[in-house]
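Input: a single structure, listed below in structure tokens.
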Amino acid sequence: MSWLERTELLVKKEGIEKLHKANILIVGLGGVGSFAAEFIARAGVGKMTIVDGDVFDETNKNRQLPALNSTIGKSKVSVIADRIKDINPNIDLKVLEEFLSPDRAFELVSKEYDYVLDCIDSITPKINLIVAARRKKVKLISAMGAGGKLDASKVVVKDISKTKNCRMARAVKKRLKELNVNKGVAAVYSEEVQIPESLQLTDGSNFKKSFYGTISYMPAAFGLQASSFVINKILTRE
């Protein structure tokens, strides 16, 4: 009995073959990316590259799938790689423990990938990854801000030009406009108005100037929508 028996019942043998042949790049393995990586692995995608340079800390436990007392201080990418391999030992998995620099984004994105999932939570690296994918004509979905929100039913996927009530999306749109990119980027975001009292400023390290408070299920909802979007695109292509 195959571990993908239930999946095959739903998507048929042809769908399983499409998923097995797919190659996905996931950059950022925090709240959104950790769930997206696992959902995609459990769907039976045959090849994946995961990228993150961070380690788990105590504050990750409220929202990141593999964040446990036992994983605090451990590399996110290596812990998630172990989980993925434990789900599917036959997956072709490439593991890159690094933060994405501007030059590296352009090196990393290539036509070998069927889809790129941008799950980065800092604006500058996010812009670099989006622009790299656009210039190289590689399909991408970008996760906007899951913080400061409580209603998972408001999480949707739309073109970035149609996003609203999201500070991160607003900042990303502004930066992309300066680079003559006004639309054509799939974005997962929440239409709920952010709760302003939940904003916290930072020291600006790793390109991050601030963050919002986050509830357990919201990043997971973003990861779910992003992975669902990608898997459906793979299943419906010719």
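No value in this document is a laboratory result; all are computed from the given coordinates. These figures come from a predicted structure and were not determined experimentally. Using ideal geometry, Cβ is built from the backbone for each residue, glycine included, and neighbour counts are taken over all protein chains shown.
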Going through the DSSP H helices of the chain, which span 15 Å or more along their own axis at the Cα atoms while scoring at least -1.0 as a mean Kyte-Doolittle hydropathy?
31-42, 76-87, 123-135, 217-236
Kirkwood Rh, region 118-198, all Cα pairs: how many Å?
12.8
Which of rounded, prolate, oblate describes region 113-155, given a ≥ b ≥ c as roots of the alpha-carbon gyration tensor eigenvalues and a/c under 1.5 marking rounded, otherwise prolate only if a/b is larger than b/c?
oblate
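Per 0.36 nm of contour for each residue apart, how much would the distance between Lys209 and Val55 grow if the chain were fully extended, relative to their Cα-Cα spacing? Intermediate results must be reported in sequence, preceding the final value.
On the way: separation 154, 0.36 × 154 = 55.44 nm, distance 1.90 nm.
Once the chain is fully extended between Lys209 and Val55, it gains 53.5 nm.
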Among 191-202, 50-61, how do they line up by average Cβ neighbours within 10 Å per residue, starting with the highest?
50-61, 191-202
Residues with beta-carbon under 14 Å from that of Asn90, excluding Asn90: net charge, scoring Lys, Arg +1 and Asp, Glu -1?
+2
Which of these values of Rg/Rh (Cα atoms, Kirkwood Rh) was calculated from the structure shown: (i) 1.16; (ii) 0.95; (iii) 1.05?
(ii)
Of all the Cα-Cα pairs you can form in region 55-136, what percent are over 14 Å apart?
70
In whole Hz, with x marking every Gly and Pro, tabulate ³J(HN,Hα) for region 106-118 from phi via Karplus 6.51 cos²θ - 1.76 cosθ + 1.60, θ = phi - 60°.
6, 5, 6, 6, 8, 5, 5, 8, 6, 8, 10, 9, 8
Reachable aspartates and glutamates from Lys173, Cα under 17 Å, same-chain residues fewer than 8 places away excluded?
Asp118, Asp121, Asp159, Glu191
Relative contact order (%) - region 1-160, alpha-carbon pairs under 8 angstrom, separation at least six:
23
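How would you order 129-136, 2-9 from highest to lowest mean count of nearby Cβ atoms within 10 Å?
129-136, 2-9
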Most exposed first, judged by fewest Cβ atoms within 10 angstrom, Leu235, Leu100, Leu65 run Leu235, Leu65, Leu100
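Tell me, Val32, Val11, Val116 in order of fewest to most beta-carbon neighbours within 10 Å?
Val11, Val116, Val32
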Using a Förster distance of 25 Å, how high is the FRET efficiency between Ser101 and Asn62, based on the Cβ-Cβ distance and rounded to 0.05?
0.30
For region 1-127, what class follows from the C-alpha gyration tensor (a ≥ b ≥ c being the square roots of its eigenvalues): rounded when a/c is under 1.5, otherwise prolate if a/b is larger than b/c, else oblate?
oblate
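Looking at region 66-191 from every direction and averaging, what is the projected area of its Cα convex hull in nm²?
On the way: hull surface 36.5 nm².
Value for region 66-191: 9.1 nm².
Test of understanding: what is the full-extension gain from Ser216 to Val157, defined as 0.36 nm times their sequence separation minus their Cα-Cα distance? Don't skip to the end; give the middle numbers.
Values: separation 59, 0.36 × 59 = 21.24 nm, distance 2.00 nm.
This chain segment gains 19.2 nm when fully extended.
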Rounded FRET efficiency, nearest 0.05, which uses the C-beta distance separating Glu5 from Leu179 and R0 of 45 Å
0.45
Set the bar at 21 Å for Cα to Cα. Now go through Lys61/Lys149; Lys21/Lys85; Lys111/Lys139; Lys126/Lys174; Lys18/Lys162 and name every pair that lies beyond it.
Lys18/Lys162
